[in-house]
Amino acid sequence: MCNQTAGLIARALEEVGITTVTLSLLKEVTSKINPPRVLEMPFGFGHPLGNPDDREGQTRVLQTCLDLACQAREPGTTWKFDP
Amino acid sequence: MATLNDMEPASRRFIERYPFPDLGKPPIAPLKTQPEKARVALVTTAGLHLDTDRPFSSSFWLSDCSFRVIREADYFVDPGRLVVSHTSKEFDRSGIDRDINVVFPLPRLKEIADAGLVGSVAPRHLSFMGSLPRTGDLRKRTAPEAARILKDDDVDLAILTPV
Amino acid sequence: MISNYDPCHVPVNNALNSVNSLHSGPEGRILKMSLAESRKSETFELLEDHDFLDYLSKHCDRLSEAESESARLEDLGGNINRVRRVIYKTAGGGEESLIIKHVPRDGHLARYPAIKFCDRRLDREHNWYHWCHQISRPGQNVKVPDILHYDRERRVMVMEDLGRGKAFDTLLQSAADKKTILSNLGSFLGSTHRASLASTVPLQMDNEAARQNRRYVFTMHVEEPETVTRIWQDSYKDQDRISLSARLSMKDEYLDKYAGQIRPVLENLENSFKTGSSGQAGGKIVYTHGDLHTRSIILSQEGAIGIIDAELSDYGNACFDLGIFVAHLWAHSISLGIPQEEVLKDTAGFLGQYSRAFEPGQPVPDSGFLADFVQHAGAEMLRRLLGPAGFNTDLSREAFIEVLITATDLLLDGDYLVARLLEAIEDL
């Protein structure tokens, strides 16, 4: 249910002008809520940024978020993170 | 990527029985500045808070929509003070116990800020507790309140991490 | 002089005047009531089976000696009222039955003497059935019992037996039956409510018992949780699917978090019963049944619907009847694991027919009315979970929690549901 919660919060933040990127671990749920920008993660529950101590991977996740924030044109733009 | 089958029965039952109505197109606020100048905040639903803060309610059905503020300064002074109180049994905490970046990448964010990839790390970050069968309070009260806090801190970009 | 606004007295239609029925019988015998006997009506009590049989044969000539002798009785009474089903063999060899109901003079629960039940409530029930008969139309497939005898002084009513009926859960498990029944019930309520808007029967009288009851429906469990705890400790056994200790701790936690938010909502519902919830476009003031839970509704094997137990009938907000019924519909449905989409459709079907009958020119109810209805449903759900009286179905812990969460949503954030109901009703 976190995915539902995160999506709802993202919408509220975007409403006041804050750009958001929402990671998703459960696309059925995230897509229902339809947050402004979504990065679908290939990991399981509890691990939105992947494996512990994977510095390179985690940094790449953040970098992808920045790219998505800059490049998305349409509300609801969804990318898939490639691990 | 997880599926509905991976959810624990209580949460799954709520998601399936009470599917959220289609909310339609979301609002969209383009990034006002280049990433190298942007102030970035993290918002997680992992139920994190400082050990001196009130924990989130341990009864799933009470649907605690409140959030906690995690100041960047407080975190780095003593990362050990950050604890979890989350009702979901499916929240696999093995990752978070070893490396906070798995759910709340504040150290990683600081590194990329220091490297100049983003402008700055926001002074305040937020944690909600994501297992919410009822989202009324969230939609009407706590999420807008959270938005005001980040707005007050001139946050340009927020990254949201569910667990 | 009996005032129209005296809560415990109802002017009774002459045709059913209790004095007449005491003084003549089918063979024209006059039973003179002596002065001593008339005084005894104050302390008159039907207690044992033979009291009921005596009454039926001697006070109202409903049973002959032979029928009386053949009779067997079933005790249908609850905590306060004394009710028997009397099954007897007729001269022709067939079997018939009737219901006899007696309200004792001093109605109270032994353990809770402070809670008194107004002893004129049988008048209310009688009045509501009588009125339903007056306004009924041919072809109506929902009925209320025929009144065979009414003894106002002694607080006894003899009525038609509408049968044992089948369990509500059985109904919910058959899609076709369910659709028909909910539709017919909605339609009946819509037309009976509508008729009371223009009624010439003096209906604007307060039912004291119903007023007392509204406190139990809306606010008592929030304002006096310790009273509820005491009642639970007396009445709940740990063999229930959800243990007493689990219930108690959930109630405490829940009220700790939510009492502040829900109290004003519940108080508003309670206080505005007679006038309609303030600020809502709804608030249709009608002659309500007052207690439309699943045991007030008898479903016969053939699909006919009977409505009984109208002693809390009172003139007030139509949403009271609708909310109570739907709260029980949902609780049973959740307990049976019926998917929510289906529950919503069922609710829409019921409300859609209600609306069509209540306001033929406006078959889709307005959102103010639906919002009011939704809150009433939430209030009834909440009180069945947190108050002294529970649902007519034993909820598992998961179902209890789901109903509790749903109730809170309906009370505080019903807007999404209103929108979805409107959609579903429009799609009918």
* Angle, helix A:2-15 long axis vs. longest principal axis of chain A, Cα atoms, 0 to 90°, nearest 10? -> 50 degrees
* To do: Give the cross-link partners of C:K274 among the aspartates and glutamates, using a straight C-alpha distance below 18 Å as the criterion and excluding same-chain residues fewer than 8 apart.
  => C:D6, C:D206, C:E208, C:D291, C:E311, C:D314, C:D321, C:D372, C:E380
* Using only the alpha carbons of the range C:168-426, determine the length spanned along each of the three principal axes and report them from longest to shortest in whole angstroms. => 50, 39, 33
* **Helix A:55-71 vs. chain A, principal-axis angle (Cα, 0 to 90°, nearest 10)** => 20 degrees
* Asked: Tell me, what ³J(HN,Hα) does each residue in the range B:52-57 have, in order and in whole Hz, if you take phi through Karplus 6.51 cos²θ - 1.76 cosθ + 1.60 with θ = phi - 60° and put x for Gly and Pro?
  -> 8, 7, 5, x, 6, 4
* Cα convex hull of the range C:349-428: how many Å³ per residue? -> 107 Å³
* Asked: Pairing the Cα long axis of helix B:143-152 with the longest principal axis of chain B, what angle in degrees results, from 0 to 90 and rounded to the nearest 10?
  -> 0 degrees
* Asked: Where both residues lie in the protein assembly as shown, what percent of DSSP beta bridges are antiparallel, nearest 5?
  -> 65 percent
* Residues B:R124, C:R155, sorted so that the one with the fewest Cβ neighbours within 10 Å comes first -> B:R124, C:R155
* To do: Would you please classify the overall shape of the range B:5-71 from the alpha carbon gyration tensor, given that a ≥ b ≥ c denote the square roots of the eigenvalues, rounded means a/c under 1.5, and beyond that prolate means a/b larger than b/c while oblate covers the rest?
  => oblate
* Just need the Rg to Rh number for the protein assembly as shown, please, alpha carbons only, Kirkwood Rh. => 1.09
* Would you mind checking which residues have amide H under 5 Å from B:S120's amide H? H placed 1.01 Å from N; only 5 or more apart, or other chain. => B:A38, B:R39, B:V40
* Each residue of the range C:226-232 in turn: what ³J(HN,Hα) in whole Hz from Karplus with 6.51, -1.76, 1.60 and θ = phi - 60°, glycine and Pro shown as x? -> 5, 4, 4, 4, 5, 5, 4
* Structure fact -> Non-local residues with an amide H under 5 Å from the amide H of A:T78, with H modelled 1.01 Å from N and Pro and chain starts lacking one, are A:V38
* **From phi via Karplus (6.51, -1.76, 1.60), per-residue ³J(HN,Hα) for the range A:41-50 in Hz, x at Gly/Pro** => 9, x, 9, x, 3, x, 9, x, 9, x
* Asked: Considering only the other residues whose Cβ falls under 10 Å of the Cβ of C:V83, what net charge follows from Lys and Arg at +1 and Asp and Glu at -1?
  -> +1
* Arrange the peptides A:69-76, C:182-189 so that the one whose residues have, on average, the most other Cβ atoms within 10 Å appears first. => C:182-189, A:69-76
* Structure fact -> Of the listed links C:K143/C:K166; C:K58/C:K101; C:K58/C:K143; B:K37/B:K110; B:K32/B:K151; A:K32/B:K25, those spanning more than 18 angstrom between alpha carbons are C:K58/C:K143
* Structure fact -> Under the rule rounded for a/c under 1.5, else prolate if a/b exceeds b/c, else oblate, using alpha carbon gyration tensor axes a ≥ b ≥ c, the range A:2-80 is classed as oblate
* Asked: So for B:S127, A:S31, fewest C-beta neighbours within 10 Å to most, what's the order?
  -> A:S31, B:S127
* Structure fact -> Fewest-first ordering of C:T288, A:T30, B:T33 by Cβ atoms within 10 Å yields B:T33, A:T30, C:T288
* CD proxy at 222 nm, helix term only [per DSSP H run n ≥ 4: -39500 (n - 2.57); per residue of the protein assembly as shown; nearest 500] -> -13000 deg cm²/dmol
* To do: Classify the range B:38-161 as rounded, prolate or oblate, taking a ≥ b ≥ c as the square roots of the eigenvalues of its Cα gyration tensor: rounded when a/c is under 1.5, otherwise prolate if a/b is larger than b/c and oblate if not.
  => oblate
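Throughout, read-outs are computed from the coordinates displayed, never taken from laboratory work. Small disclaimer: the values here were computed from a predicted structure and weren't measured. For neighbour counting, all protein chains shown are included, and Cβ atoms are generated from backbone atoms with ideal geometry for every residue, glycine included.
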